[in-house]
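Worksheet: one structure, shown below.
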Amino acid sequence: MSKVIVVTSGKGGVGKTTTSASFAAGLASRGHRTVVIDFDIGLRNLDLVMGCERRVVYDFVNVINEEASLKQALIRDKVDNNLYILPASQTRDKDALTQDKVGKVIGELRESFDYIVCDSPAGIEKGALMALFYADEALVVTNPEISSVRDSDRILGMLAAKSLRAIEGDEPIKEHLVVSRYSPERVQMGEMLSLDDIQELLGINLIGVIPESEEVLQASNSGVPVIRDERSKSGQAYQDMVARFLGEDVPMRFLEVEKKGFFSRIFGA
Amino acid sequence: MSIFDYFRRKTAKGSAAVAKERLHIVMAHEHRAKRGPDYLPALKRELMEVITKYVQVSRDDIKVNLERHGDCEILELNIALPEEKEETAAAN
């Protein structure tokens, strides 16, 4: 049984594409046939984060318009044979995606993939709706920050009301909370919303906490999903998240303030 | 965190609590607005039409609210009737 998972947030810049890339790469590395679709029509970026920007020939809109077959448009990941990318189009035509046509493509992908990861654009407009419409599960990416939490709440409302599952009265979309750019130091100082705060406000299950770290930028600079950086905290946190998604019981890490040595405490790190 | 930060951090303490409280309020408000059933605006409008047919009140004096307490929903209709003194004074 294939599963469609939307990675969404409402707010921009919270880490949707980073999460989509790492989540998809993580599923693939565990042997699952996975495709990740960039729904951000006009602002293609997933290809850069995945490091396949120079191999884009056809895109999602070409497939929608039947100018190319899925087989022609799908890009196989450079290291993982289980992972494919369907890049977004650079067209300015925002109406390129229609519900029926997206449904047809997803239906076709369901035949050959275990997991279909949909990287949603920011906002609550048509593009975001298209990305979440066919979802079975959702990763709601949230930063510990006031506007991000509110926007995530709006998106949860959309998942519950406007998705195919909601319209058809099926079992609702399974929602998972991903808190990214988390800084235990700032939480301890009372400057940042804590995990408990965010969970209480949004009322959904936490599946992963990604600590704020430099490696995320370094990884996207070089076009490698950060999950493949095994030494980085963010990479490990994404590994944990994927394991939890697949049903493993993995405790949360990187939630505590790191203990510093005597000198760094006195003089600053 | 260095010894220099120690004096500065006191001022920032607690802004997360403020953020949480503000979010609680605004999200509760947004949920309430959204949770109303689709027929509520039309119901409001028609109720107001019926009431204004019999009682001389302005639309601002009629409040229609739907509240949810656990499993039961309460439709609250609040009409501020015009003061009777004026009417009796006019009759005399």
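A few remarks follow.
- Taking chain A and dividing mean pair separation by its residue count, relative contact order in percent (alpha carbons under 8 Å, at least six apart): 24 percent
- Within the protein assembly as shown, percent of DSSP bridges classed antiparallel, to nearest 5: 25 percent
- Amide hydrogen neighbours beyond the local backbone of A:Ser183, cut-off 5 Å, H modeled: A:Glu212
- Long-range amide H partners of A:Leu206 with built H, under 5 Å: A:Leu177
- Among A:Met130, A:Met192, A:Met241: highest mean-square fluctuation, GNM of chain A, C-alpha pairs under 10 Å: A:Met192
- Neighbour counts of C-beta atoms inside 10 Å place B:His29, B:His69, B:His24, A:His32 in the sequence B:His69, B:His29, B:His24, A:His32, starting with the fewest.
- Backbone amide hydrogens, once placed in the peptide plane, bring A:Ile37 within less than 5 Å of A:Leu86, A:Val117, A:Cys118, A:Asp119, excluding anything fewer than 5 places away on its chain.
- Cα-centred dipole magnitude for the protein assembly as shown, charges only on beta-carbon of K, R (+1) and D, E (-1), debye, nearest 20: 1160 debye
- Peptides A:16-24, A:38-46, A:221-229 ranked from most to least packed by the mean count of surrounding Cβ atoms within 10 Å: A:16-24, A:38-46, A:221-229.
- In sequence order, calculated HN-Hα J values of the stretch A:232-242 (Karplus, 6.51, -1.76, 1.60; Hz; x Gly/Pro): 7, 5, 4, x, 5, 5, 5, 4, 4, 4, 5
- When the Cα gyration tensor is reduced to axis lengths a ≥ b ≥ c, the ratio a/c is 1.5 or higher for the stretch A:9-62, and with a/b not above b/c it is classed as oblate.
- Phi-derived couplings, Karplus 6.51 cos²θ - 1.76 cosθ + 1.60 at θ = phi - 60°, listed residue by residue for the stretch B:19-30: 4, 5, 5, 5, 5, 3, 5, 5, 6, 4, 5, 5 Hz, with x used for Gly and Pro.
- Of A:Pro87, A:Pro251, A:Pro184, the residue with the greatest mean-square motion in the GNM of chain A, using alpha carbon springs below 10 Å, is A:Pro251.
- Annotation: average projected area of the stretch A:164-231 is 6.9 square nanometres, based on the convex hull of Cα atoms across all directions.
- Between A:Ala128, A:Ala138, A:Ala68, the GNM of chain A built on Cα springs shorter than 10 angstrom shows A:Ala68 fluctuating the most.
- Square roots of 5 times each gyration tensor eigenvalue, C-alpha, the protein assembly as shown, largest first, Å: 45, 32, 16
- Integer Hz, Karplus 6.51/-1.76/1.60 couplings in order for the stretch A:248-255, x for Gly and Pro: 7, 9, 10, x, 5, 10, 6, 9
- Inter-chain Cβ neighbour count for B:20-26, averaged per residue, equals 4 (cutoff 10 Å, partner chain atoms only).
- Partner shielding of A:195-202 amounts to 2, given as the average count of beta-carbon atoms from other chains within 10 Å of each residue beta-carbon.
- Neighbours of A:Leu46 by Cβ distance under 10 Å: Lys/Arg scored +1, Asp/Glu scored -1, total -3.
- Across the stretch A:1-118, Cα-Cα pairs more than 21 Å apart make up 31 percent of the total.
- Three-way shape call for the stretch A:101-221 based on the alpha-carbon gyration tensor, with the a/c threshold at 1.5: prolate
- Within the stretch A:23-80, the GluC sites (Glu not before Pro) that combine a DSSP coil assignment with at most 12 other C-beta atoms in a 10 angstrom radius are A:Glu66, A:Glu67.
- Projection of the Cα convex hull of the stretch B:18-80, averaged over all directions and equal to a quarter of that hull's surface, yields 5.6 nm².
- Only the Cβ atoms of Lys and Arg (+1) and of Asp and Glu (-1) were treated as charged; on that basis the dipole of the stretch A:1-99 about its Cα centre amounts to roughly 340 debye.
Since every read-out is calculated from the coordinates, none of them should be taken as a lab result. Computed from a prediction, not measured in an experiment: that's the story for all the values here. Quick reminder, even Gly has a Cβ in these numbers, built from the backbone with ideal geometry, and neighbours come from all protein chains shown.
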